[in-house]
Every structure is written in C-alpha cells, then in structure tokens.
Amino acid sequence: MALLGAQLVITLVMVSVIQKLSPHYSLAKWFLCSTGLIRYLHPSDSELKILAGVPKSVQKPKKENRNKGHHADDKSNTFHIPRNLDIQLETAKISPFDVVHLRYYTEYQWLVDFSLYAGIVYILSEIYHFYFPIKEEINLSMMWCLLVIFFSFKLLTSLTIQYFRSDESIGERSTCIVTGLTYLLISMIILIVDENTLETGLEQAYTSFNRSASNFLEGQGVSSSGPASKIIVKFCIAVSCGIVGAIFTFPGLRMARMHWDSLKYCKENKIMQLLLNVSFALPFILVILWVKPLSRDYLTGRVFSGMNGPLLTPSSFDTIRLLLVVFAVILRFSLMPVYLQAYLNLAYDRIQDMKKEAGRITNVELQKKIASIFYYLCVVTLQYVAPIIMCMYFALMYKTLGGYKWTDLYRTAMLPDDECSATEFHPPVVDAIMDDADILTTAKMSLRGLKSVFTTEVYRGLFGFATWWSCFVWFAASSLGMVYQSYFSKV
C-alpha cells in the first residue's frame, strides 16, 4: 500500500494551484480592496495654508503625494496651524496600488491565502477519507494545518517583539510582560482543576503517552517507567499558555476597540449590532462548552421532562462543539470589513477630537496623525485574523487527530460505552520482525511506532486543550479591552 497515496496527489495539485493562481487571485487582497473599505486622505500643505491663512511661500513647492509623507522631513515646508481648524477630510476607496506598499502586507497576504489553500486541502482530504478511510497513509492535511498555526504564531510573535525593540513602547512592553505572567498563573491554576470540571483531556493524554512510550521503549530493549515527568510536562504547557496569552493581548485590545467603534457606527442597523454582539460573545460560549457541569453533563446526561433521553449523544456534542468553532471563525471573517472600516474611521475621529483642543500643531504632525491610520492597516488586519486562524486550525487538528467525525452530528441514539470505545482509532502495534533491506517497510514500521506512542488520547488532550486555551485568551483579551473602553476611554 502506498505510504502517501492520494494525500501526496492532493498536496502536489494544491502546490501547483498556489504557483499558478496566487499572483492573480488573492483572498487577502479581496478583503482589503473589494469590500468597499474607505480611507481618509490627509490635506495637502497648500490646502492647510489656505484654511489657516498662512501666506504661500515664494519658493516653487515640491510635488505633493497624499499617500506618503512627501517632504515631511523638509523643515522649510513645516508651519503651524490652529488645532481647531475646520478641516474636512477627503475619502477614497482602497485600491490594490494603495496596499501593496503597506507594512506587513506581504505577510498578511501570505497568511490569509495560505490558510485558504490549507483549508481546501483539508476539505478534500476529509471528503476522500470519508469514502476511503485512512489506514497507513500519512494525513498530509495535518501538516498544512500545522504550518498555518506556525505562520500565525510567528507573525503574532514578530508583532509583539516590535514592542520590545522600540524605546517608545515602554507601556506596551510592560503590558505584554504582565499579561504573559498573568496567563502563566491562570494556566497553572487551570492545569490542576479536576477533569470532571474542565475536560481538558490532559490527564488521559499524559497517561496514554507514558504507557505507550514505555511499551515502545521496552520493545526496543530499553527499560523505562515513562519518558516524561507530569510536573515538567504541565510546566511546559503553562509556559506555552503564557506566551500565547502575551501575543494575544494587543490583538484582543485592538479587537475590542474596533468592536466598540463598530457598535457606535451601526446604531441604526439592529441586525448588524446583533451580529457584532454574537460574534463577540461566541468565544465565551466556546469556553463554556469545555466546562463539563455546564455543558456536557447538562446536554448529554440530563433527561428533560417529556423526553426519552438526553438532548445530545456524547459524539454529537463533540461535533457541535467543533462546528461552533468553525462558525465563530467564519462569522468573524465575514464581519472583518465592518471592523476594518471602524478602524479606518479613527482618522476622522482624531480630527474631530483635535478640533476640541486649544493650541497649534504643525502640518507634518497633522498629516502623520491621519496617514498613520492607513499605514498600519495591514498590521491591524494581521492582529485581527491571526488569532482566529489559530483557533480554527487547532480545532481542525483536534477533530481529525482526535478521531472525531462530522457525521456524528446526525446520530440520534447514544452508543454504549464499549461501542463508543470501539469507534475510536487505535494505531496498530509495531511488528517485531522488520526487513532491514526494505526501506519502504522500515518507513512504515517507524510510522507505526510513532502512532503507537502518539495515540488518539494524546492528540485529543493536546489539541483539545490548545483549542480551548486559544478560545479562552481570544475572549479574555477582548473582554479586557472592552473593560478599558468602557471605563477609561472617552465616549
């Protein structure tokens, strides 16, 4: 049997599609340039001089460019104007020529487009495996998902590191450190919570990994009671949780500000307000679904009056939980133009706030105040999409490697415990006899050995907790931002 089979074919076809289509069609570019986003243009020097009554210089002015700071560094072109000047900003639709030069545009485009291609690979693999269940093939769609998570984590980390490199970002740097340590403490507390309260699955994952690894090492002639200490494993998980919490902090704060402004701009549209609030609350609902007494015990164990059995079977509950993660991500993506327009409107809000202030400001400072909003558009967009992409692909890996099925949603009868356990995928045991001369057989046996160590329970524990934690910090950071907007910012 082929080691890769159809998986390799799907991957090679998708790589070819990326090479042919990515230069011409881009989902990331479509979100920015084809959804009706409007940016604000800063006034030129000549317009400011006319409004402020500043006499024009005799010197021939240089060619002005509203998209850039033009000759902002030329002190001879710097002059002061009143802050309460009646400035009316012009608007323009965002075009592909405007965004290609923005900071982090290449990274944003690669992340969103690669996530789309990885999602297509995953869907095709799921359809193929539905009709032809996987046996000894390598599920390469998991490698695509893992790469998406790695790229998202790398970009969020690089954005966070910028606060540590700049001498002007002392407050942001301190915020990242404090929140990282806070999330480290919270994760340590969560890791000691009983599994009957919060079903992280880490206890079963550790027990299964230790047992399987010990059997594997004994099969290789090595005596071992277990390769990893539980305290060390949980400490490493807690440190990882702290890092994820730190890099999610400012994306969450930015998300809260955009949500706050979006609700303000959509006061007349009740349907849009409902969608925005549902989108904001969904991560909290996802977090609750891992709290066993509030979700699983209530939906799969309790029998309501007038019913013969619980509302859901355990397998249906797991499927609905995964589908809700996918739905939350799709809803966030569909609302992204609304949130981005709320961010772009900050340029207008800054001018309106400046008009209420006394004193004077230079033309360069005013133009930078407006132009910087559009300049950091791709940075803000990355902070918006990277966390939800991580949540999405953690959930997809949790579903596939955890042995769940999308079709479990349609089961109406609860399976007995022994039948439920029989539906789980248990990797085959490594055969004792191998032909060293056969390279393909050796590769298959090595794969079987790895599968015997990393069992379904291990994957369920690791990726289940990763999915829950990413949803938790996703909501916690946004909630912290909403608290800040409610009590400390001007309405």
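When the residues MET143, MET336, MET307 are ordered by accessible surface, computed with a 1.4 Å probe over the protein chains alone, the sequence from largest down reads MET143, MET307, MET336. Computed extension gain for ALA92 through GLN19, at 0.36 nm per residue and net of the alpha carbon distance, reaches 23.1 nm. Note on the range 234-383: Rg/Rh from Cα positions, Kirkwood definition for Rh, rounded to two decimals, is 1.14. Using 29 Å as the Cα-Cα cut-off, could you pick out the over-long pairs in LYS267/LYS356; LYS230/LYS292; LYS135/LYS399; LYS29/LYS369; LYS270/LYS356? Beyond 29 Å: LYS270/LYS356. Seen through its C-alpha gyration tensor, with square-root eigenvalues sorted a ≥ b ≥ c, the range 163-320 comes out oblate because a/c lies at 1.5 or above while a/b is not bigger than b/c. Summarised as an ellipsoid, the range 250-324 has semi-axes of 34, 15, 9 Å, derived from the eigenvalues of the Cα gyration tensor scaled by 5 and square-rooted, with the largest first.
Approximating the spin labels as points 7 Å out from Cα along Cα→Cβ, the PHE164-to-LEU41 distance works out to 4.2 nm. What the Cβ-Cβ distance of PHE130 and THR78 gives, at R0 = 56 Å and to the nearest 0.05, is a FRET efficiency of 0.25.
Stretching the chain fully between TYR348 and PHE304 yields a gain of 10.4 nm (0.36 nm per residue, less the alpha carbon separation). Ligands, DNA and RNA excluded, the heavy atoms of VAL233 present near 50 Å² of accessible surface to a 1.4 Å solvent probe. The range 366-412 to the range 312-333: how many Å between their Cα centroids? Each part's Cα centre sits 15 Å from the other's.
Could you sort VAL13, VAL54 by accessible area so the largest value comes first, with the probe set to 1.4 Å?
Listed by decreasing accessible area, they come as VAL13, VAL54.
Given +1 at the Cβ of Lys and Arg, -1 at the Cβ of Asp and Glu and no other charges, the dipole of the range 82-214 around its Cα centre is 260 debye to the nearest 20.
The largest accessible area among ASP45, ASP98 belongs to the first residue in ASP98, ASP45, and the rest follow in falling order (1.4 Å probe, all chains). Rounded to the nearest 10 square angstrom, VAL17 shows an accessible area of 50 square angstrom against a 1.4 Å probe.
The values are calculated or read from the model by the stated rules, or taken from the named source; none is laboratory data. Remember, predicted model here, so these are calculated numbers, not experimental data. Note that we place each Cβ from the backbone using ideal geometry, even for glycine, and neighbour counts take in every protein chain shown. For accessibility, only protein heavy atoms count, side chains too; no ligands or nucleic acids. Shrake-Rupley method; radii C 1.70, N 1.55, O 1.52, S 1.80 Å.
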